[in-house]
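Below is one structure, written out as structure tokens, with a few remarks after it.
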Amino acid sequence: MWDFEQGEILAFDKPLHWTSFDLVAKVRYNLCRKLGTKKLKVGHTGTLDPLATGVVIICTGRKTKLIDQLQYDVKEYVATLQLGATTPSYDLEKEIDATYPTEHITRALIDETIPLFLGEQWQVPPMFSAVQINGKRAYQLARKGETVELKPKLLVIDEIEVLAFDEARMQLTLRIVCSKGTYIRALARDIGERLNSGAHLIALRRTRVGDTRVENCYTIETFLEKLNEYEHVQIQ
């Protein structure tokens, strides 16, 4: 039986267009209503962009103390890149701002290039990100048109493989296993540059966090159904 005050670790498949905070807020609201309380600690172990779907781990009660530790779990993604064009956000949040030649890009070139991203990598985070700059989020400055130089961060890509390459559409789908702090949007940017072209992310799904796979996660709908069956026994 669940004990949300003592603490639970819950795995969700985040819907498209929801922020990670939207998911936490929805879970907290429904838990507080069910438990008849106005306060309950609820937090997540790693942000997922609104335009991405997949695994988000949520901790409740005393298990929120584990959040910092759980953030270091290895993550797996399936990402689809559009080659030959860039956007300021490196994904579909912003419109295309530049196009590049793609005639030279072949499957052979991709197979030669992708392994170069294995192992330790220095990556500059996207301006449209939650990186803190003098107490403000980078995306807040970016949306005001301000340009700030972000420092590169060291990360590790444990696995990266080509799942599909649509040469007609110039769309590349990859499976990536990586460390905390990896921005797949920035990886798309870097792959585009390494291919002597440009690229941005058009789809992203987090398929695993640690040992938790997306197929074993709750959707918000299945969680709420299960919660409706849950009976909270309050000890007098």
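Tabulated values for the structure
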| read-out | value |
| --- | --- |
| Listed pairs Lys65/Lys153; Lys14/Lys180; Lys63/Lys151; Lys39/Lys63; Lys26/Lys94 exceeding 21 Å between Cα atoms | Lys65/Lys153; Lys63/Lys151; Lys26/Lys94 |
| Likely footprinting exposure, Val74, Val148, Val214, fewest C-beta neighbours within 10 Å first | Val148, Val74, Val214 |
| Total charge dipole magnitude, the chain, about the Cα centre, Cβ charges on Lys, Arg, Asp, Glu only, Debye to nearest 20 | 1140 debye |
| Summed side-chain charge close to Leu118 - residues other than Leu118 whose Cβ falls under 12 Å, Lys, Arg +1, Asp, Glu -1 | -4 |
| Separation of the Ile96 and Leu35 label points, Cα + 7 Å toward Cβ, nm | 4.9 nm |
| Helix-only CD estimate at 222 nm, as mean residue ellipticity for the chain, using -39500 (n - 2.57) per DSSP H run (n ≥ 4) | -6500 deg cm²/dmol |
| Cα-based Kirkwood hydrodynamic radius, the chain, one decimal, Å | 19.3 Å |
| Charge-dipole axis of the range 75-209 as Lys and Arg at +1 and Asp and Glu at -1 on Cβ define it, positive-most pick from His104, Cys178, Ala168 | Cys178 |
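Rule-based calculations on the coordinates, nothing more; no lab input. Because the structure is a prediction, the values reported are computed rather than measured. Neighbour counts run over all protein chains shown; Cβ positions are idealised from the backbone, glycine included.
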